[in-house]
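Structure, as structure tokens:
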Amino acid sequence: MLAKLKVWARKLKEDIYTLYLSSNDPRIPFVAKVVAIITVAYAFSPIDLIPDFIPVLGYLDDLLLLPFGIWLSIRLIPEEVLLEYRQQAKEKMVQKKPNYVVALFIVLFWIVTAIWAYKAIFSRIDE
């Protein structure tokens with residue numbers, strides 16, 4: 001089950017990257033570009049339609065809206081263009097190496113944010 005989930009997640013990531021790469025191609029109809037751009041923006045956006053802290057519904061929008069947007073975008077893009085950009089996405093994803101500097105920056109950012117929030121909350125309680 002975990003292996004299937006990993007394959008599905010990798011495919012989603014690949015499809016989002018394919019849509020990102022293909023969004024500027026002049027061979028793609030305008031409606032397909034709009035749907036692809038909205039889908040990619042939603043995938044990368046830190047703001048969700050329904051916030052993730054809301055039980056069940058918070059993740060339900062990610063599980064339904066994102067795959068639906070990807071599916072719709074893929075259906076609207078011409079097949080030969082889609083195949084070309086899928087190949088490019090696969091090649092570029094294989095070449096990518098993890099960026100540990102960025103990962104370290106993100107972890108440090110969240111640690112500093114957590115410390116700041118902790119101090120802010122407990123300084124108000126002490127007053």
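Things worth noting here:
- Per the Debye formula on identical point scatterers at the alpha carbon atoms of the range 10-125, with no solvent, log10 I(q)/I(0) at q = 0.18 Å⁻¹ is -1.00.
- Put a dot 7 Å past the Cα of Phe105, heading toward its Cβ, do the same for Glu91, and the two dots end up 2.8 nm apart.
- In the range 32-127, the chymotrypsin sites (Phe, Trp or Tyr not before Pro) that fall in loop regions by DSSP, at most 10 other Cβ within 10 Å: Phe53
- Percentage relative contact order, the chain, counting C-alpha pairs under 8 Å, at least six apart: 31 percent
- Helix-only [θ]222 nm of the chain, DSSP H runs n ≥ 4, -39500 (n - 2.57) each, per residue, nearest 500: -27000 deg cm²/dmol
- Net charge contributed by nearby residues that have their C-beta within less than 10 Å of Ile50 (K/R +1, D/E -1): -4
Taken together, the values in this text are just the output of simple stated rules run on the coordinates, not laboratory data. Predicted, not measured: the structure shown is a model, and the values here were computed from it. Reconstructed Cβ throughout: ideal geometry from the backbone, glycine too, with neighbour counts over all protein chains shown.
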